[in-house]
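Below is one structure, written out as structure tokens; comments come after it.
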Protein chains: 2
Amino acid sequence: MSKKLYLGIDMGGTSIKIAVVDAKGLITEETSIKTDLNQSPAKLANDIARQAALLKNYPKIKSIGIGIAGDIDCEKGVVRFSPNLPKWRNVKLKQIIEKLTKKNVFVDNDANTAAIGAFWLDAGGKSDNLICITLGTGVGGGLIFGKKLYRGKTCTAGEIGHITIDSQGHKCNCGNRGCAETYIGANYVARYSVDYLKTHKSKIIDDMTGKDYSKITPKVLYDAALKGDKTSVEIWKYVGEKLGVLLADIVNFINPDTIILCGGVSLAGKFLIDPAQKEMKERSFQTAYKACKLQVSHYTSKLGVVGAAMLAEQ
Amino acid sequence: MSKKLYLGIDMGGTSIKIAVVDAKGLITEETSIKTDLNQSPAKLANDIARQAALLKNYPKIKSIGIGIAGDIDCEKGVVRFSPNLPKWRNVKLKQIIEKLTKKNVFVDNDANTAAIGAFWLDAGGKSDNLICITLGTGVGGGLIFGKKLYRGKTCTAGEIGHITIDSQGHKCNCGNRGCAETYIGANYVARYSVDYLKTHKSKIIDDMTGKDYSKITPKVLYDAALKGDKTSVEIWKYVGEKLGVLLADIVNFINPDTIILCGGVSLAGKFLIDPAQKEMKERSFQTAYKACKLQVSHYTSKLGVVGAAMLAEQ
């Protein structure tokens, strides 16, 4: 008897990952194409379908899941807007791909697909209440309750980056003030670093950037910290503490068994996690804190495509 | 054919409410006894069972639900600690009442039973994701997802009062800083008022309290506001704005269809709600904000007993 297989498509801003995934969330085949930002939805859909059809087990697949950043109508499978494909507006992606492939298609936000991916890959499909936090340019989240994705009333649940950390804090792009994202989002981390470096010189960062601080990214700060740069370690401590406030909010409110961090900023590893965990512990109810496993995803680059594939299983 | 009936018991610090509730959450019979803080668990359970047995439909009841404030092991039905009955420690309430009544017994936290009550009474059993916030001395919460109570990993989900509003804010009893409770909990509202009155005199409050500000409660502030006292209105505006930050956090994170406020502080009505709603709107994602109905419970005094009864239905 053949195993059940799903097709996942992760539409990133640089590349589109395509993978066949089994019923336990494991990738059995994968491929990818480059994201051409100027292509029409019809043309891009055609390219995706053609590439997917090259996969050996493609004929066995009954359903396809697609994850994409942005404002997605997950019920109708419409991409209202995506920062990865800025020219797209109200694209009926589900309908287009279903017509091309004659398979069932599901479309969802990439923070949601990442959470489903983390549920399968990091938690082995065994968590009852898992929160996945995507630490990238934006800070997003996906919520898995009772082993199922929780979407809220209008598919917009999980905007974890826009939980307030300091009600009088920085203005956020979303209109709110003091959102978590304004402390732990990649751009804000870089901006904070530039400020911090004015009073805390770092020869290591100066050498790495040629003193052009516009080149500072979380990756640069991580590499500098690895090289023993104290300033970078202090910056990560600050960011980690802010993350810890957010984590304690989640623990006190949701009492999850698992929190998974993924995305570029999470790659800072222990420089970020150690201060975050300390702050989280100090601010959380201890029963709930002890019951919650915090970890950085071991599969950041795979979460999206696996989670997309497993949308069908949801 | 007879309708299904449940028995609810709401163990408050002053009185214990007992009611027969039908399958739609409506009370068909009710009674109560005084809470005697010095009674042993066995004696109090006996009094409750005797009183309940006086209800006409008591023999038809198969299951009993009990709501009580404090640290409750809802799986085992053990009251680890309750502020309402401070001498109780690790009382096996489920077991005691089951032995006495020969009926199935469920025990849960009063914030959870209030949420179930609000789901039935305020939302007519029709909400898919409802958050109930209890605004009393403490600020608690109950979460209803997919029409079922969400408890989290260790039955401690819903500690809404301990979501951080300002990470550098006041120290909270829980150990955290700047918790919502330190702005909108009844005692903190009173404390803030005493401070505020140092620089903003109010003849109406002075008359109501005989200048003894230890007499200030949310009720006093509400009555003063009703009498046109500007200082009280300003205090409620401040408290409402802080509540609005919390509400926006919930909207952005959970995207609920309904938020119900109950408890003493919520009785301040429009003086609290108008500024809260304004702040909530400014800080929320608009799609999620528009999808969320915010209201003060119309049944604050009944939520606990109805929710307790409906625990069995859960």
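Tabulated data
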item	result
Hey, A:G117 modelled with pLDDT of 95 or more, touching a Phe, Trp or Tyr at 6+ places or on another chain (Cβ under 8 Å), at positive phi and crowded, with 24+ Cβ neighbours inside 10 Å or not	no
Which listed residue, of B:L272, B:L261, is assigned by TED's automatic domain parsing to the domain that holds B:L135 and either within 27 Å of B:E29 (Cα to Cα) or surrounded by fewer than 24 Cβ atoms within 10 Å (Cβ to Cβ) (or both)	B:L261
Residue match in the stretch B:195-218 (condition: within 30 Å of A:I144 (Cβ to Cβ) and out of contact with any strand residue (DSSP E or B) (no Cβ under 9 Å at 6 or more places or on another chain))	no
So A:T209, is it over 30 Å from A:K17 (Cβ atoms), away from every other protein chain (no Cβ under 14 Å) and either surrounded by 15 or more Cβ atoms within 10 Å (Cβ to Cβ) or aliphatic (A, V, I, L, M) (or both)	yes
All positions within the stretch A:1-30 that are surrounded by fewer than 19 Cβ atoms within 10 Å (Cβ to Cβ), of a type in the set (V, I, T) and more than 20 Å from A:L85 (Cα to Cα)	A:I27, A:T28
Where a residue in the stretch B:4-15 is part of a strand (DSSP E or B) and its partner, wherever it lies, is exposed (fewer than 15 other Cβ atoms within 10 Å of the Cβ) and among the β-branched types (V, I, T), with Cβ under 8 Å and at least six apart	B:L5/B:T28
Condition met for A:D128 (within 14 Å of another protein chain (Cβ to nearest Cβ), surrounded by fewer than 23 Cβ atoms within 10 Å (Cβ to Cβ) and within 19 Å of A:V305 (Cα to Cα))	no
Leading residue by the ranking (farthest from the other protein chains (Cβ to nearest Cβ)) among those in the stretch B:266-280 that are of a type outside the set (A, V, I, L, M, F, W, C) and touching a residue at least 24 places away in the same chain (Cβ under 8 Å)	B:G269
Positions within the stretch A:153-171 being more than 18 Å from the chain's Cα centre (by Cα) and either at the interface with another protein chain (Cβ under 9 Å from one of its Cβ atoms) or small (G, A, S) (or both), in sequence order	A:K153, A:T154, A:T164, A:I165, A:D166, A:S167, A:Q168, A:G169
Odd one out for B:G175, checked against (1) within 16 Å of the chain's Cα centre (by Cα); (2) on the phi > 0 side of the Ramachandran plot	(1)
Filter result for A:L246 (within 13 Å of chain B (Cβ to nearest Cβ), under 23 Å from A:T134 (Cβ atoms), touching a residue at least 60 places away in the same chain (Cβ under 8 Å) and surrounded by 24 or more Cβ atoms within 10 Å (Cβ to Cβ))	yes
Among (1) at pLDDT 95 or above; (2) surrounded by fewer than 24 Cβ atoms within 10 Å (Cβ to Cβ), the one test that B:P256 misses	(2)
Within the stretch B:231-243, considering residues that are in contact (Cβ under 8 Å) with a residue 40 or more places away in the chain and among the aliphatic types (A, V, I, L, M), the one nearest to A:I165 (Cα to Cα)	B:L243
Search result, residues across the stretch B:262-283 that are over 28 Å from A:R151 (Cβ atoms) and not in a helix (DSSP H, G or I)	B:G263, B:G269
Candidates A:L121, A:L93, A:L135, A:L143 - the one that is in contact with a strand residue (DSSP E or B) (Cβ under 7 Å, 6 or more places away or on another chain), away from chain B (no Cβ under 14 Å) and within 26 Å of A:I259 (Cβ to Cβ)	A:L135
Any hit, the stretch A:48-63, residues being assigned by TED's automatic domain parsing to the domain that holds A:N109, surrounded by fewer than 13 Cβ atoms within 10 Å (Cβ to Cβ), modelled with pLDDT under 95 and not hydrophobic (A, V, I, L, M, F, W, C)	yes
Residue satisfying all of: in the stretch B:284-312; farther than 14 Å from B:F119 by Cα and not in a helix (DSSP H, G or I); farthest from the other protein chains (Cβ to nearest Cβ) among these	B:A312
Positions within the stretch A:254-265 being facing another protein chain (nearest Cβ under 9 Å) and in contact with a helix residue (DSSP H, G or I) (Cβ under 6 Å, 6 or more places away or on another chain), in sequence order	A:N255
Residues satisfying the stated conditions in the stretch A:205-224, i.e. over 15 Å from A:Y192 (Cα atoms) and among the small types (G, A, S)	A:G210, A:A224
Subset of the stretch A:148-163 [in contact with a Leu (Cβ under 9 Å, 6 or more places away or on another chain), free of Cβ contacts under 8 Å to residues at least 24 places away in the same chain and crowded, with 23+ Cβ neighbours inside 10 Å]	A:G152, A:A157
Residues located in the stretch B:120-135, provided they are under 18 Å from B:A291 (Cβ atoms) and in contact with a Phe, Trp or Tyr (Cβ under 8 Å, 6 or more places away or on another chain)	B:D122, B:S127, B:D128, B:N129, B:L130, B:C132
Residue check for B:T182: within 14 Å of another protein chain (Cβ to nearest Cβ), free of Cβ contacts under 8 Å to residues at least 40 places away in the same chain and of a type in the set (V, I, T)	yes
Residues that are assigned to a strand (DSSP E or B) and over 19 Å from A:I97 (Cβ atoms), drawn from the stretch A:18-38	A:D22, A:I27, A:T28
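The values are calculated or read from the model by the stated rules, or taken from the named source; none is laboratory data. Keep in mind it's a predicted model, so treat the numbers as computed, not measured. All Cβ positions, glycine included, derive from the backbone under ideal geometry; neighbour counts span all protein chains shown.
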